[in-house]
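As C-alpha cells, the structure follows; a few thoughts come after it.
The values are calculated or read from the model by the stated rules, or taken from the named source; none is laboratory data. Bear in mind that the values here come from a model prediction, so they are computed numbers and not experimental data. Note that we place each Cβ from the backbone using ideal geometry, even for glycine, and neighbour counts take in every protein chain shown. Ligands, DNA and RNA are stripped out before the accessible areas are found, and what is left, the full protein with its side chains, is counted by its heavy atoms. Shrake-Rupley method; radii C 1.70, N 1.55, O 1.52, S 1.80 Å.
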Amino acid sequence: MKKRIQKKKIKLFFLFIEILIILLTAALVPLNIFVCNFPEWFVIIFGITAITVSIFYVLKFRVRIVSRIINIALTACISILSVLAAYAVPYWNSYSLKKYNGKILGYDDVITYTQAENDIDEAMKLLKRIHPMFKDGLTDEIASRCEQSKEKLKNSDEINVNDLRRELQSIINPMHDAHTTTYNSYPNDRYLRSAPQKSYEKYELISFNDMTIDEAKAKAKAYFSYESESWIKVDFGSLASLDFYNFSEPYIYEWDNGSGEIVREECCESDFVPYDEYVKICSEFDEEVLSEKPFVYYEIDEEKNLAILTLSKCIYDKQYIKCIEDMFNEIKEKNIGNVAVDLRNNGGGNSLVANEFIKYLPVDEYNGSSNDWRFNFIMLHSDDENTNKHYSDLTFTGDVYVITNSSSFSSAMLFSMYIQDNKLGSIIGESPANSANSYGDIAIFNLKETGLTMSISTKKFKRANSENPSDYIIPDFPCDSKDALETLYSIISQQ
C-alpha cells in the first residue's frame, strides 16, 4: 500500500514537472516580446526538455495509449510552435513592446572597429530576418554598401558612434523606406540655447552655414531614410544631429521674423546646453508656444458651416474616440455640413484612427491598405476590406476634407488614402511624406554594442485603390501648407 502511494506521488511529481516545463516553453515567446531578451536557442532547449520529459513520463508510468498520444503530441506541438515563433516573429528580441534599459553610448563616444563591425552585422542580420524586401537575402547593392562601410571604418584612425550611425544610414539609404532607419537618441546630446526664444519671437530659420535650408538638406540626403524628399529633415538645434551630418563649428544661423528683419547668429559648441537646462530655458517663454496642446481637438465655426478636427498624432485611445464622438454629436446638433481633418505635421501612429472616423460616414464597405507581413521565411498576405460598423445615429452625410502637408507621415498618409481612394472626401494641401505603396509597421531594436536605436519595417503595404497609378497621395486641391485653411474656406464658400 505504501509503495503504491509512493509511486503515485512520484507520478504526480513528474506530471507537475512536465506541465511546468510545457507552460514555461509556451510562455517564452510572450516573455521575450514583452519582458526581456534572450537567444532563440534558449527556446529550443526548453522545447527539447519538454518533449524528453513527456516521453519519459508516458514510458515510466502507466498511462492509457490515448493519453500517451495526446500528451506527446500536445507537448511536441507547443514546443515546435514556440521554436518557430522565436525564429519567425519579427518582434523577437525587439523593444517595440518593452522598455530598453541597456547602455546607450553618446554620439561622440569612441568605439573599436570590432564593436562597429558587430553592430553592422547585427543590423544586417535583422534586415535579412525581418524586412519584406529581403526575404531572399540582401540585395547586391545593400550587401556591397555594407562591405564598403566596413572597409571605410576599418581604415579610420578613430571611430565614434556617429561615424557608425552614418555608415549604417548610408547602407540602408537606397531602400527608400522611411520607416527603416536609425535614430538620434543619444543621452549626451545638447541643444541650441537660443532656439526657444527664436521660436517664441516667430523667427524662421532660412539659412545655415551660408547654405539655404534646402541646400543643407541636400547635403544630408545620402544619410537619410526617406521616400519623398520632402521628408528629409535636419535638426539644426541638436549638436549630435549637426555632428552626424558632418556640419562643424562655427554654426551660422540666419533667422527671418517674417517682416524682412534678418538676424545672423554665429554659434559654437558652448552655445548648446544639456536637455535639462534646455527645458528650463523653454519654461521662461510663452506657455502657448512651448507647452503641448492635446493631440486631438476640434473647433466648430457655425458661420462657415464647418467643423475642423485637428489630429497631431495618430493615437487610438479613449480620448480620441470621445473627442470625435463629441464632435459629431455637436455637428448633428448644429446641422454642420462640412468636416475637415487637419493632419498637417502628423507623424503617424495607429491607423485605427481612420477606421474610427469612417464609422461616422455613410459607407457600408471600404478598402484599406492590403499588406504582406513578413514572419521570417513566411509571408502572410492580408486584403484590408472593411465592413463599416456605422454609428447610425450620428452618420454624417456632408462633405469631408483632409488637410495634409509634406510632414504628414505613415498612418496620417493612410488616413488621407482611405478617404481619397474610397471617394469619401477630398484632400487639400501637399502630398504626404511617404508612398501609398510603402513599407511600415516597425519593430524597434537597440544594437548590442552601442545601444543605437533602429526601426525596421515588417510589412509591405499596397494602395487601397490598386487602379490608381500614383505612388503618392495627390491632393484634389493642391496648395502650400500654410494656405490650406484659406483654400478650405474658399472651397466651402463656393458650394
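Structure data summary
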| item | result |
| --- | --- |
| Number of the condition not met by Glu330 [criteria: (1) open to solvent by less than 80 Å² (accessible area, probe 1.4 Å); (2) not in a helix (DSSP H, G or I); (3) not β-branched (Val, Ile, Thr)] | (2) |
| Helices (runs of 4 or more DSSP H) enclosed by region 233-314 - at least 1 residues per element that are modelled with pLDDT of 95 or more | 239-244 |
| Restricting region 255-278 to residues that are among the acidic types (Asp, Glu) and closer than 17 Å to Phe236 by Cβ, the residue that is surrounded by the fewest Cβ atoms within 10 Å (Cβ to Cβ) | Glu266 |
| Among the residues listed as Ser457, Ser470, the single one being assigned to a strand (DSSP E or B) and either closer than 19 Å to Phe224 by Cβ or free of Cβ contacts under 8 Å to residues at least 40 places away in the same chain (or both) | Ser457 |
| Qualifying residue in region 376-383 (condition: modelled with pLDDT of 90 or more, within 23 Å of the chain's Cα centre (by Cα), surrounded by 21 or more Cβ atoms within 10 Å (Cβ to Cβ) and over 24 Å from Asp476 (Cβ atoms)) | no |
| Residue match in region 181-199 (condition: open to solvent by less than 40 Å² (accessible area, probe 1.4 Å), modelled with pLDDT of 95 or more and within 21 Å of Leu127 (Cα to Cα)) | yes |
| Inter-residue pairs, beta-carbon under 9 Å, first touching a residue at least 24 places away in the same chain (Cβ under 8 Å) and of a type in the set (Val, Ile, Thr) and in region 312-334, second part of a helix (DSSP H, G or I) and open to solvent by less than 60 Å² (accessible area, probe 1.4 Å), 6+ apart | Ile315/Val353; Ile321/Glu356; Ile324/Val353; Ile324/Glu356; Ile324/Phe357; Ile331/Leu394 |
| Unmet requirement for Gly429, which otherwise passes all of (1) open to solvent by less than 20 Å² (accessible area, probe 1.4 Å); (2) under 19 Å from Phe224 (Cα atoms); (3) out of contact with any Leu (no Cβ under 8 Å at 6 or more places or on another chain) | (2) |
| Condition check for Asn93: closer than 30 Å to Thr450 by Cα and either modelled with pLDDT under 95 or open to solvent by 30 Å² or more (accessible area, probe 1.4 Å) (or both) | yes |
| Conditions (1) at pLDDT 95 or above; (2) surrounded by fewer than 19 Cβ atoms within 10 Å (Cβ to Cβ); number of the one not met by Ile120 | (2) |
| Residue satisfying all of: in region 384-398; closer than 30 Å to Asn437 by Cβ and out of contact with any strand residue (DSSP E or B) (no Cβ under 9 Å at 6 or more places or on another chain); most open to solvent (accessible area, probe 1.4 Å) among these | Lys389 |
| Top-ranked residue in region 356-375 [being buried (at least 18 other Cβ atoms within 10 Å of the Cβ) and under 19 Å from the mean Cα position of the chain (by Cα); ranked as nearest to Glu330 (Cα to Cα)] | Gly368 |
| Test: Met417 is in contact with a Lys or Arg (Cβ under 9 Å, 6 or more places away or on another chain), more than 25 Å from Glu167 (Cβ to Cβ) and open to solvent by less than 10 Å² (accessible area, probe 1.4 Å) | yes |
| Meets criteria (open to solvent by 20 Å² or more (accessible area, probe 1.4 Å), of a type in the set (A, V, I, L, M) and within 20 Å of the chain's Cα centre (by Cα)) for Ile442 | yes |
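Each row is one residue, and each column tells you yes or no for (1) farther than 18 Å from Met454 by Cβ; (2) assigned to a helix (DSSP H, G or I); (3) of a type outside the set (Ser, Thr, Tyr); (4) open to solvent by 60 Å² or more (accessible area, probe 1.4 Å).
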| site | (1), (2), (3), (4) |
| --- | --- |
| Gln115 | no, yes, yes, no |
| Met124 | no, yes, yes, no |
| Arg129 | no, yes, yes, no |
| Gly137 | yes, no, yes, no |
| Ser144 | yes, yes, no, no |
